[in-house]
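Since the structure comes first, as structure tokens, the remarks are kept for the end.
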Amino acid sequence: MIYLKNYINGELIEPLKKQYLENIDPSTGTVFSMIPDSDADDVQLAVNAAKAAEDAWGNMHYEKRAKYIEAIAKGIEARMEEFVAAESLDNGKPLNLARHVDIPRAVSNFRFFATAIQQSSTESHFMEGVGVNYTLRRPIGVVACISPWNLPLYLFSWKIAPALAAGNCVVAKPSEITPYTSYLLSEVCKEVGLPKGVLNIVHGLGQKVGDAISKNIDIKAISFTGGTSTGRTIASIAAPMFKKLSLELGGKNPNIIFADCNFDQMLKTTVRSSFENQGQICLCGSRIFIERPIYEKFKAAFIEKVNALSIGDPSTDVNVGAIVSKPHYEKILSYIELAKQEGGTILTGGESVKPAGRCENGYFIKPTVIEGLAYNCRTNMEEIFGPVVTLTPFDTEEEVLMYANATEYGLAATIWTENLSRAHRMAEKVESGIIWINCWLLRDLRTPFGGMKNSGVGREGGWEALRFFTEAKNVCIRY
Ligand code: NDP
């Protein structure tokens, strides 16, 4: 049995109370590791270590800081296959996805911000004949990063890398459901000799560790990715202390398909945007709106492709792996029942799968496609976060805009059309922080990333992240 440890003050240590939680492999339903069930005392230990390190790290020359961050990227690369296997085992995602998306992206996150900090500059504002202002950007001090289970190391590093690059010391909490790669990351940090206290990783439950982070007065900023209701809880605790908050929350993303689209490209991408990572990506398009003239053609072609997806043991060459946990698996199945009650017709899927052999007790759900639901029923309003999509026909731009904007969320949207004017018109009117036209999940790490409405507050990525993780001071000089 593997026992994971907290990474505090440069050391891998047991939780103070020596309590552990079981960590389950969702593809088999069996416990494969034990993780620290840390509490507020462990968080305080981490905060103390971070505070002790903040002056040296924040005042270190940026090129030297960048070298450490680049060394972390190299350290992950050197153990690539180990990270890939750990991510797949912990999360249930196909090994291939971890190999081609999750872990390479974690490497890119560290590399990108190691470089970005060396290219960053601040503004100056000139007052003709009177004087000049310049903006000084300094690290905040001790900041926290809290991340979810769907893209474990990918999202964990997306926060940690800019926080460190900007000169902060970090207390980080990965999801208790998928802590394994963040533990391996702490081993890498030790290997590369990251100064002690600069990064501290505390494992455990959101209710204990996350809550203690939100309440800790010495943590001045929190970058959080997770569900909207958790974001609301964190904000309600942190706001009275005036902590800086960046919240990346849930989504219920529209995928809008016009009849003039490049059909083959759209079809191929829509299969991915619906079911990649078992539909457990905050950016997946779960509400598919199809212009009526191609509705039947799309439906037939889409179902055929979805039925061809292989599902089973994530360590083999499959398209669809396991759902991350039993409670989440049950939640998704209950939403499928709700869709039936709301009058939906299941076109394919709609049930769990028991792959023969090793994975017969794992949590697998067939990719599910539903039609015949009202645009504003619960199935179409609430985030399911699984391999479930709905199909809805539309006739006009106005109608589909009304459907698309009907939810409380506003994270990402995809628009398929060859009509340039329509693409721009729609991009302007769809209420989403991220709009993909004729593509999906095409990422440029320099761009602002985040959601509107209940999908979040603030933006990450590129300068946005470096701005979030620094305090701006205006310095005004009179001639
Ligand atoms: P949760 O909100 O349940 O958890 C996210 C993180 O917050 C976990 O580390 C969790 O800990 C922790 N947490 C839980 N309760 C608290 C608390 N009271 N105080 C502080 N921290 C807490 O989300 P999931 O892990 O279930 O992730 C899925 C959600 O994340 C979906 O809604 C999805 O849309 C969203 N998401 C958003 C993205 C975006 O960029 N906008 C990207 C990816 C996902 P633990 O689980 O260990 O208890």
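The values are calculated or read from the model by the stated rules, or taken from the named source; none is laboratory data. Just so it is clear, the model here is predicted, and its values are computed rather than measured. Don't worry about glycine lacking a Cβ; one is built from the backbone with ideal geometry, like all the others, and counts go over all protein chains shown.
Please verify whether residue 52 is under 24 Å from the mean Cα position of the chain (by Cα) and either modelled with pLDDT of 95 or more or surrounded by fewer than 20 Cβ atoms within 10 Å (Cβ to Cβ) (or both), treating the condition exactly as stated. Spell out the reasoning first.
Numbers: under 24 Å from the mean Cα position of the chain (by Cα): no; either modelled with pLDDT of 95 or more or surrounded by fewer than 20 Cβ atoms within 10 Å (Cβ to Cβ) (or both): yes.
Spelling it out, it is not the case that residue 52 is under 24 Å from the mean Cα position of the chain (by Cα) and either modelled with pLDDT of 95 or more or surrounded by fewer than 20 Cβ atoms within 10 Å (Cβ to Cβ) (or both).
Do any residues in the range 287-305 that are within 12 Å of residue 394 (Cα to Cα) have Cβ atoms under 8 Å from those of residues that are basic (Lys, Arg) and part of a helix (DSSP H, G or I), where the two are at least six apart or on different chains, and which pairs are they?
Close Cβ pairs (under 8 Å, with a partner that is basic (Lys, Arg) and part of a helix (DSSP H, G or I)) amount to 290/299.
This table checks each residue for (1) under 27 Å from residue 463 (Cβ atoms); (2) touching a Gly at 6+ places or on another chain (Cβ under 6 Å); (3) surrounded by fewer than 24 Cβ atoms within 10 Å (Cβ to Cβ); (4) free of Cβ contacts under 8 Å to residues at least 12 places away in the same chain.
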residue: 178; (1), (2), (3), (4): no, no, no, no
residue: 188; (1), (2), (3), (4): yes, yes, yes, no
residue: 192; (1), (2), (3), (4): yes, yes, yes, no
residue: 206; (1), (2), (3), (4): no, no, yes, no
residue: 215; (1), (2), (3), (4): no, no, yes, no
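Residues that are polar (S, T, N, Q): list the helices (runs of 4 or more DSSP H) wholly contained in the range 59-123 that include at least 1 such residues.
80-91, 103-119
Of the residues in the range 351-388, how many are out of contact with any Pro (no Cβ under 9 Å at 6 or more places or on another chain), surrounded by 19 or more Cβ atoms within 10 Å (Cβ to Cβ) and closer than 17 Å to residue 327 by Cα?
The total comes to 4.
Could you look through the range 431-452, keep only residues that are closer than 15 Å to residue 266 by Cβ and assigned to a loop (DSSP other than H, G, I, E, B), and pick out the one that is nearest to the ligand (Cβ to nearest atom)?
The residue in question is 441.
Please find, within the range 420-479, the residue that is surrounded by the fewest Cβ atoms within 10 Å (Cβ to Cβ) out of those that are within 24 Å of residue 124 (Cβ to Cβ) and small (Gly, Ala, Ser).
472
Please count how many residues of the range 275-296 are within 12 Å of the ligand (Cβ to nearest atom) and out of contact with any Phe, Trp or Tyr (no Cβ under 6 Å at 6 or more places or on another chain).
7
Of all residues in the range 236-269, count the ones that are more than 12 Å from the ligand (Cβ to nearest atom) and under 22 Å from residue 383 (Cβ atoms).
Here the count works out to 5.
Taking the range 286-336, which residues are within 28 Å of residue 356 (Cα to Cα), over 27 Å from the mean Cα position of the chain (by Cα) and surrounded by 14 or more Cβ atoms within 10 Å (Cβ to Cβ)?
303
Could you list all residues from the range 1-53 that are part of a helix (DSSP H, G or I), touching a helix residue (DSSP H, G or I) at 6+ places or on another chain (Cβ under 6 Å) and of a type in the set (Gly, Ala, Ser)?
Matches in the range 1-53: 40 only.
Determine whether the range 216-223 contains at least one residue that is within 24 Å of residue 150 (Cα to Cα), of a type in the set (S, T, N, Q) and under 16 Å from the mean Cα position of the chain (by Cα). Reasoning before the result, please.
Looking only at the range 216-223, we keep the residues that are within 24 Å of residue 150 (Cα to Cα), and these are 221-223.
Restricting the remaining residues to those that are of a type in the set (S, T, N, Q) gives 223.
Pick out the ones that are also under 16 Å from the mean Cα position of the chain (by Cα) and you get 223.
Checked against the condition, which is being within 24 Å of residue 150 (Cα to Cα), of a type in the set (S, T, N, Q) and under 16 Å from the mean Cα position of the chain (by Cα), the range 216-223 yields at least one hit.
I need the full set of residues from the range 234-279 which are of a type in the set (Val, Ile, Thr) and touching an Asp or Glu at 6+ places or on another chain (Cβ under 8 Å), in order please. Quick ask: steps written out before the conclusion?
Kept after step one, since they are of a type in the set (Val, Ile, Thr), are these residues of the range 234-279: 234, 237, 256-257, 269-271.
Scanning the range 234-279 gives 237, 257.
Which members of the range 134-161 meet the condition of being more than 10 Å from the ligand (Cβ to nearest atom), over 15 Å from the mean Cα position of the chain (by Cα) and not aromatic (Phe, Trp, Tyr)?
Step one: filter the range 134-161 for residues more than 10 Å from the ligand (Cβ to nearest atom), giving 134-143, 153, 157, 159-161.
Then drop every residue that is not over 15 Å from the mean Cα position of the chain (by Cα), which leaves 134-143.
Those that are more than 10 Å from the ligand (Cβ to nearest atom), over 15 Å from the mean Cα position of the chain (by Cα) and not aromatic (Phe, Trp, Tyr): 135, 136, 137, 138, 139, 140, 141, 142, 143.
Given the condition touching a Ser or Thr at 6+ places or on another chain (Cβ under 9 Å) and either more than 19 Å from residue 163 (Cα to Cα) or away from the ligand (no atom under 13 Å from the Cβ) (or both), answer yes or no: does some residue in the range 218-228 qualify?
yes
Looking at 210, 251, which is the one that is in a helix (DSSP H, G or I) and crowded, with 18+ Cβ neighbours inside 10 Å? It would help to see each step written out before you state the result.
On the way: 251 fails: in a helix (DSSP H, G or I).
On inspection, the qualifying residue turns out to be 210.
Give just the number: which of (1) more than 7 Å from the ligand (Cβ to nearest atom); (2) free of Cβ contacts under 8 Å to residues at least 24 places away in the same chain; (3) not basic (Lys, Arg) does residue 233 not satisfy?
Result: residue 233 fails condition (1) only.
Need the failing condition index for residue 272 against (1) in contact (Cβ under 8 Å) with a residue 12 or more places away in the chain; (2) more than 18 Å from the chain's Cα centre (by Cα); (3) away from the ligand (no atom under 16 Å from the Cβ), just the number.
Answer for residue 272: the failing condition is (2).
Each row is one residue, and each column tells you yes or no for (1) surrounded by fewer than 24 Cβ atoms within 10 Å (Cβ to Cβ); (2) part of a loop (DSSP other than H, G, I, E, B).
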site: 129; (1), (2): yes, yes
site: 137; (1), (2): yes, no
site: 171; (1), (2): no, no
site: 181; (1), (2): no, no
site: 223; (1), (2): no, no
site: 233; (1), (2): yes, no
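Out of 75, 10, I need the residue that is out of contact with any strand residue (DSSP E or B) (no Cβ under 6 Å at 6 or more places or on another chain), surrounded by 17 or more Cβ atoms within 10 Å (Cβ to Cβ), in contact (Cβ under 8 Å) with a residue 40 or more places away in the chain and within 23 Å of residue 143 (Cα to Cα). Which one?
10
Hey, does the range 183-194 have a residue that's within 13 Å of the ligand (Cβ to nearest atom) and at pLDDT 95 or above?
Looking through the range 183-194, none of the residues is within 13 Å of the ligand (Cβ to nearest atom) and at pLDDT 95 or above.
Name every residue in the range 416-466 that is touching a Lys or Arg at 6+ places or on another chain (Cβ under 8 Å), of a type outside the set (Gly, Ala, Ser) and within 15 Å of residue 285 (Cα to Cα), in order of residue number.
431, 440, 441
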